[in-house]
Structures are given as C-alpha cells and as structure tokens.
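Novice: Quick one: the structure is below, questions incoming.
The values are calculated or read from the model by the stated rules, or taken from the named source; none is laboratory data. Since the model is a prediction, treat every value here as computed from it, not as a measurement. Here the Cβ positions follow ideal geometry from the backbone for every residue, glycine too, while neighbour counts run over all protein chains shown. SASA here: full protein model, heavy atoms, side chains in, ligands and nucleic acids out. Shrake-Rupley method; radii C 1.70, N 1.55, O 1.52, S 1.80 Å.
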Amino acid sequence: MRCCRRRAVPEGAHTGHEGSLLLRGLLQPTSWSQLGDFKGLASARSSTASTSETTSPDDGVSAFDLGLSPDEEASLVALEQRLAAQPEPHIAAHDRENTRQRLVRWLDAARFDVEDAFNRLHDHAAWWKAYGLDNFSSDDEFDTCGPLSACGEDRQGKPTMVARPGMHLPENKEDSLRAARRCVYTMQRGIERLSPQQGSSLILIFDCQGVQRRNCDLTFARELIPIFDKQFPGRLERVLIINNHWTMRFFWVAISALLPADVKKKIRFCGRGFREDLLDFIREDHPYMQYALQVQEQPLGCVPLPPRLPYEPKYVEAGPHGSAARSLEQIKPALAGSCRSSDRKSRGEGSCCW
C-alpha cells in the first residue's frame with residue numbers, strides 16, 4: 001500500500017444569498033444555521049416547491065412543482081412550446097433528470113430569456129455530441145484517488161463531489177486534457193446519482209491538502225472550468241475549500257481568475273479547522289470528512305482513502321425516449337462500473353492513502 005502526502009489558498013469567505021434560487025430548490029443557503037434568514041422562502045419551498053413527484057395521467061411524464069413565479073412559469077411554458085416545435089437532439093443522459101427541472105436550470109442561467117435558453121439547450125446538445133460524452137464508459141469515472149470523485153452524501157442524502165487537486169499530476173498537455181475530460185464525465189455521473197426530489201445541485205468539497213505548484217495546471221483548469229460553467233448550469237450548490245492556507249495564495253490567484261462571479265459567491269474557505277463548517281452541510285460520519293480529520297491527526301501515517309460512492313441512478317424519465325419500457329433495475333448492470341486499473345499510473349489508485 002502506497003503512502004502519499006499533501007499540504008495547503010488564503011483564508012476568507014465568499015458568501016451570497018441567492019434567494020430566488022433557494023425558492024426554486026436549485027441552491028441551498030450558505031449554511032444550515034442560516035435557514036432562519038430565509039424563513040419565508042423556506043416555508044414557501046416546503047409547502048409549494050418541495051419538488052414532490054406527481055404523475056400526469058395523460059402522458060405519464062413526471063411533473064414537479066418548482067415554486068416558480070407566474071412570469072417564470074409562463075417562460076417555462078413558452079420554452080416547452082418552442083422545444084415542441086423544434087426539439088433538441090435526444091441525449092439519453094437527460095432522461096435521468098425531470099424535464100421541467102432541467103428546463104428551469106437552463107432558463108435560470110439565461111435569466112428566464114426564453115430565446116436565449118432555447119439556443120443554449122440546442123448548443124448544449126451539439127456540444128454533448130461533439131465532446132463525445134456518450135462514448136465514455138463507466139471505467140472513465142474517477143475514484144477517490146483521482147482529482148474529482150463522488151464520495152459520501154450531504155445532509156439531504158445527495159451525493160457530494162470531492163476535488164483533490166494534489167492528485168492531479170500531469171506529465172504533458174495530453175494528460176491534462178484527458179484528466180479534464182474524465183472530470184467532466186465524473187461530474188455527470190455524480191449528477192445522475194440525484195433524484196428529482198433532491199433538487200439539481202451538488203456540494204463540492206475542494207481539498208487543498210498537499211497542493212504544490214506542479215498541481216496548478218492551467219491547461220487543465222482552462223479546459224474544465226468553462227465546461228462546468230456553460231454546460232452544467234445550476235449544478236454547483238456550494239464549494240467548500242478545506243485545508244487552504246496562505247502559502248497556497250499563488251494557486252488561488254491563478255484559478256480564481258478563471259472562475260465566473262456566481263461561482264465565487266458559492267465558495268466558502270474553511271481552512272484547516274474545517275469540521276464545523278462542513279457540518280453545516282454534511283453529517284459527522286461523512287466518509288471524506290472522517291478521512292480528512294484522520295490525516296490531520298496522523299500527519300506521518302498512512303490513512304486509507306474512503307471508497308467512491310456507488311453508482312446508482314435514482315431516476316429515469318418516462319416518455320418516448322425514457323423509461324416507459326424499461327425499469328431502473330434493468331439499466332443498472334449496464335451503468336455500473338469502477339475505475340480502470342490500467343489508468344492508475346504511478347498514483348497507485350485503488351490502494352492509495354494520504
């Protein structure tokens with residue numbers, strides 16, 4: 001078993017109150033302790049925007065009360081009509097998200113401009129095909145030894161994503177681009193572990209432990225960040241940066257220049273005393289938090305990494321392209337998989353510790 005070691009982005013926090021997103025269930029408050037600041041929104045969300053599933057008797061397609069205002073609901077209906085006249089190219093992965101929930105994400109990214117959202121959806125479908133996301137296999141999803149993985153769940157039972165930049169060790173530009181592509185696929189697989197009742201967004205734990213200059217790969221960042229911004233709207237709920245330290249300022253300066261303003265508002269710097277901050281979003285027994293705390297307690301030890309969260313898609317949309325003729329149990333064997341051992345290189349993935 002191979003032991004690896006890491007170290008630590010300046011202290012300070014970016015927080016924001018994205019109230020309208022809270023109402024739509026696409027974003028959570030900065031911390032659970034701040035729910036009192038949103039009592040009106042919270043009660044509205046629990047009573048009218050709980051995203052409880054219903055079934056339409058005429059078409060069998062699941063529908064969700066998303067807590068939209070009358071104007072926003074009108075925009076959603078108008079977008080549905082535009083897409084009925086000019087449908088998007090079908091993407092099978094979209095069947096794992098409720099259609100109306102997906103359209104609201106794109107409308108929100110377009111500030112509820114129907115034409116803009118319509119164009120973005122068609123552009124996204126074209127990007128998906130060109131990027132070849134349907135050509136990835138389950139072996140391409142990173143496990144917890146990679147730079148991004150699904151590990152554990154938050155307080156709502158949603159999968160949490162964990163970024164470990166200290167594990168990104170490219171040897172050339174091709175390595176950087178290959179890793180970025182696998183991160184895109186890994187993020188998509190994390191999203192597919194969501195059920196519609198849980199909303200559309202995920203928490204990202206960004207662990208700076210062991211980050212050095214060689215991990216600050218601008219080729220990787222310039223490939224990945226614009227894709228997450230443009231092709232995954234409404235997917236990031238909060239970014240919790242742990243083990244950051246002033247010595248990593250160079251890393252933060254380089255990366256922050258590439259981050260959109262709305263992403264910066266979702267960042268919370270938790271430092272090395274991250275436990276209390278993380279507990280606002282995850283439970284005490286979260287496997288990655290327990291791992292990170294053990295690394296602090298045993299700086300010279302070899303702490304085994306927690307496993308990747310099993311891939312169990314929670315939802316398949318009924319309809320002409322969806323699950324009307326197949327059950328989730330039928331598709332699970334084809335979707336299951338683990339990281340490809342031949343890609344584990346010098347990191348010793350699968351048996352590594354930190």
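Novice: Could you list all residues from segment 280-304 that are open to solvent by 30 Å² or more (accessible area, probe 1.4 Å), assigned to a loop (DSSP other than H, G, I, E, B) and at pLDDT 95 or above?
Specialist: The answer is 280, 283, 284, 285.
Novice: What pairs can you find where one residue is in segment 271-296 and among the aliphatic types (A, V, I, L, M), the other is surrounded by fewer than 16 Cβ atoms within 10 Å (Cβ to Cβ) and part of a helix (DSSP H, G or I), and their Cβ atoms are less than 9 Å apart, with a gap of 6+ or different chains?
Specialist: Listed pairs, sorted by first residue: 279/32; 289/275; 292/275; 293/275.
Novice: Among the residues of segment 78-90, how many are assigned to a helix (DSSP H, G or I) and within 27 Å of the chain's Cα centre (by Cα)?
Specialist: Qualifying residue count, segment 78-90: 3.
Novice: Please determine, by comparing only the residues of segment 143-171 that are at pLDDT 95 or above and aliphatic (A, V, I, L, M), which one is surrounded by the fewest Cβ atoms within 10 Å (Cβ to Cβ).
Specialist: 163
Novice: Is it true that residue 208 is touching a strand residue (DSSP E or B) at 6+ places or on another chain (Cβ under 8 Å) and modelled with pLDDT under 95?
Specialist: yes
Novice: Determine whether residue 78 is surrounded by fewer than 20 Cβ atoms within 10 Å (Cβ to Cβ) and closer than 18 Å to residue 196 by Cα.
Specialist: Judged against the criteria, residue 78 is not a match.
Novice: Right, another one. Only one of these conditions is not met by residue 307: (1) modelled with pLDDT of 95 or more; (2) outside any loop (DSSP other than H, G, I, E, B); (3) surrounded by 12 or more Cβ atoms within 10 Å (Cβ to Cβ). Which number is it?
Specialist: Every condition holds for residue 307 apart from (2).
Novice: Right, next: So if I check each of 108, 123, which one is modelled with pLDDT of 95 or more, open to solvent by 10 Å² or more (accessible area, probe 1.4 Å), farther than 16 Å from residue 75 by Cβ and outside any loop (DSSP other than H, G, I, E, B)?
Specialist: Selected residue: 123, the only one of 108, 123 that is modelled with pLDDT of 95 or more, open to solvent by 10 Å² or more (accessible area, probe 1.4 Å), farther than 16 Å from residue 75 by Cβ and outside any loop (DSSP other than H, G, I, E, B).
Novice: Pairs please, first residue from segment 227-241 and within 14 Å of residue 120 (Cβ to Cβ) and among the small types (Gly, Ala, Ser), second anywhere and open to solvent by 20 Å² or more (accessible area, probe 1.4 Å) and modelled with pLDDT under 95, Cβ atoms under 9 Å, 6+ apart in sequence or on different chains.
Specialist: From segment 227-241, the pairs are 234/21.
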